[in-house]
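Q: Sharing a structure below in structure tokens format, with a few things to ask.
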Amino acid sequence: MKSKLLVLDDDTAILNLIRDFFQSEPFDILLETDGDVALGRIMSDRPNVAIIDINLPGKSGLEILAKAKKMDPGLSVIMISGIGTTQYAIEAMKAGAYDYLTKPFNFNQLRAVIHKAVESNLLSRKVLYTKGTQSDSYSDQNTDIMIGSSPEMIEIWKMVGKVAGTDATVLIQGESGTGKELIARAIYSNSLRKNRPFMAVNCAALPENLLESELFGHEKGAFTDAHARRIGKFEQCNGGTLFLDEIGDMSLSNQGKFLRVLESQEFERVGGNETVKVNVRIIAATNRSLVNIVKEKSFRMDLFYRLRVVSFYLPPLRDRTEDIPILAAFFIKHFAAKYGKKTATLTTEAIDMLVSQKWEGNIRELKNVIDSATVMCNGGQLMPDDLAPFLQTMSRSPKQGQESGNDDYYALFIDLLEPRFDRICLKNRGAVYDEVNTGLEKALVHMAMEKSNQNQVLVSKILGISRNTLRDRLERYNIGGSQKAD
């Protein structure tokens, strides 16, 4: 089936040039000179790519772009203009354009951009990059799926499309529940290795020696209970893709052996001398700041740089709230079918309630709330009252806690962070939690040492930490002062 290319320009000479140049390409080309007619074609024909001139009579191309993206968020739109101004380019990309080109065209460049735009569109449709009711067409009972049309997710889809066809090592960072493994699977399923094995290992779930055996295998007699040779995940996954979750929890010893596999694609089984050669693509993920644990010397710097060939950052759900109604609609249809319920939609008030939540557990938490509410719901729609029991633990505000005598310093920290928060996020993207926590800990230790006249025994009692922990923090944060007697 051919991909569809829509071209909107009031200059028929441009339309004819594009039609003639792409005549031998595998596209169905739709040519239009009127913006409203072009929007109708987007609704009816669902093109993969649209080329839209910015300078149109009547509605501007930017207006058409905005309406087109509302109709089909997955549409790859290439904006074109005879006026090469920076502002046009900025406005076009801010409005969701895939790319921006100026006239006269370099047609070879245009061809390359169009092919990439088609790939991005096909990938976004494949990973269910969908708006509300379009999810009706997906009857798959697998709810472990990435959905989203927010600007952040569009950039991620584009990155997936760029790296999937390569063998580049990928590092995925993000909070728990944001879908790191799902992105790994999207990369794998669109890669040249998609017909080879995909295996996932959680590095935090296994002790150091068991993780080593799990990854690299072991020889008979390598340790107690090693009654036979065991093939590890690297050998099992030869030719395929290995996903290592929570890579930040891997021990330094295993990191060294893992680094060798990354660099040379070879290793020895535990207790063995035979060198095993493999061909495995690595995708790693973490919910921790690798920068910080490198500083703490619990993660190798050379491994960090070797992993970070391509780096993804998955935003938390609270930073892409426009995706919440789409996700909720998908989950409710799934769970209604699973439990034989008539419930199939949410009221506007229920959607507003979901959007207002912080979702510390991200997509996983939203999914669980919809699951529970669907089980208990008796009507055809989920109402706020159906959701409330499962949101109560999240909706209790800090102010309520303070009124009951539990002073958690929330208001104080909000006042301190609010004027600085945007700058902190820009400077430490992906590591904000660790950076702020580190600063708070350093300030507490420093102030306690000053107030106690540098008495470490007293400080450890005040802070409720051991003397060893206190000494570690004093050294880590370079807080001086000799110990005084108790």
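This table checks each residue for (1) open to solvent by less than 40 Å² (accessible area, probe 1.4 Å); (2) farther than 15 Å from residue 327 by Cβ.
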| site | (1), (2) |
| --- | --- |
| 342 | no, yes |
| 348 | no, yes |
| 351 | no, no |
| 354 | yes, no |
| 364 | no, no |
| 371 | yes, no |
| 374 | yes, no |
| 380 | no, yes |
| 389 | no, yes |
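Q: Determine whether the stretch 309-319 contains at least one residue that is farther than 24 Å from residue 158 by Cα, of a type in the set (Asp, Glu) and either in contact (Cβ under 8 Å) with a residue 24 or more places away in the chain or in contact with a Phe, Trp or Tyr (Cβ under 6 Å, 6 or more places away or on another chain) (or both). Reasoning before the result, please.
A: Going through the stretch 309-319, the residues farther than 24 Å from residue 158 by Cα turn out to be none.
Checked the stretch 309-319: no residue is farther than 24 Å from residue 158 by Cα, of a type in the set (Asp, Glu) and either in contact (Cβ under 8 Å) with a residue 24 or more places away in the chain or in contact with a Phe, Trp or Tyr (Cβ under 6 Å, 6 or more places away or on another chain) (or both).
Q: Looking at the stretch 407-423, I want the residues that are within 18 Å of residue 441 (Cα to Cα) and have a partner that is modelled with pLDDT of 70 or more and not basic (Lys, Arg) with Cβ atoms under 8 Å, at least 6 apart or on another chain. Which pairs are those?
A: Every condition considered, the pairs that remain are 417/424; 417/436.
Q: While we're here: So residue 306 fits all but one of (1) open to solvent by less than 10 Å² (accessible area, probe 1.4 Å); (2) closer than 30 Å to residue 153 by Cβ; (3) in a helix (DSSP H, G or I); (4) not aliphatic (A, V, I, L, M); what number is the exception?
A: That leaves (1) as the condition not met.
Q: Quick check, is residue 435 at pLDDT 85 or above, acidic (Asp, Glu), closer than 30 Å to residue 316 by Cβ and under 34 Å from the mean Cα position of the chain (by Cα)? It would help to see each step written out before you state the result.
A: Values: at pLDDT 85 or above: no; acidic (Asp, Glu): yes; closer than 30 Å to residue 316 by Cβ: yes; under 34 Å from the mean Cα position of the chain (by Cα): yes.
Answer is no for this residue.
Q: Further question: Would you be able to tell me the number of residues in the stretch 420-465 that are part of a loop (DSSP other than H, G, I, E, B) and of a type in the set (A, V, I, L, M)?
A: First pass over the stretch 420-465, keeping only residues part of a loop (DSSP other than H, G, I, E, B): 420, 428-431, 452-455, 464-465.
Filter once more, so that each one left must be of a type in the set (A, V, I, L, M): 431, 465.
Looking only at that region, the number is 2.
Q: Next up: Taking the options 93, 79, name whichever one is within 26 Å of residue 159 (Cβ to Cβ) and modelled with pLDDT of 80 or more. Full working, then the answer.
A: On the way: 93 fails: modelled with pLDDT of 80 or more.
It is 79.
Q: Might you let me know whether the stretch 137-145 holds any residue that is modelled with pLDDT under 80, open to solvent by less than 20 Å² (accessible area, probe 1.4 Å) and either under 26 Å from residue 63 (Cα atoms) or aromatic (Phe, Trp, Tyr) (or both)? Steps first, please.
A: First pass over the stretch 137-145, keeping only residues modelled with pLDDT under 80: 137-145.
Remaining after also requiring open to solvent by less than 20 Å² (accessible area, probe 1.4 Å): 143.
Narrowing further to those that are either under 26 Å from residue 63 (Cα atoms) or aromatic (Phe, Trp, Tyr) (or both): none.
No, the stretch 137-145 contains no residue that is modelled with pLDDT under 80, open to solvent by less than 20 Å² (accessible area, probe 1.4 Å) and either under 26 Å from residue 63 (Cα atoms) or aromatic (Phe, Trp, Tyr) (or both).
Q: Shifting gears a bit: Which residue out of 128, 123 is of a type in the set (A, V, I, L, M, F, W, C), modelled with pLDDT under 55 and under 30 Å from residue 330 (Cα atoms)?
A: Only one candidate qualifies: 128.
The values are calculated or read from the model by the stated rules, or taken from the named source; none is laboratory data. Since the structure is predicted, the reported quantities are computational estimates derived from the model, not experimental observations. So basically every Cβ, Gly included, is an ideal-geometry build from the backbone, and we count neighbours across all protein chains shown. With ligands, DNA and RNA removed, areas are computed over all heavy atoms of the protein, side chains included. Shrake-Rupley method; radii C 1.70, N 1.55, O 1.52, S 1.80 Å.
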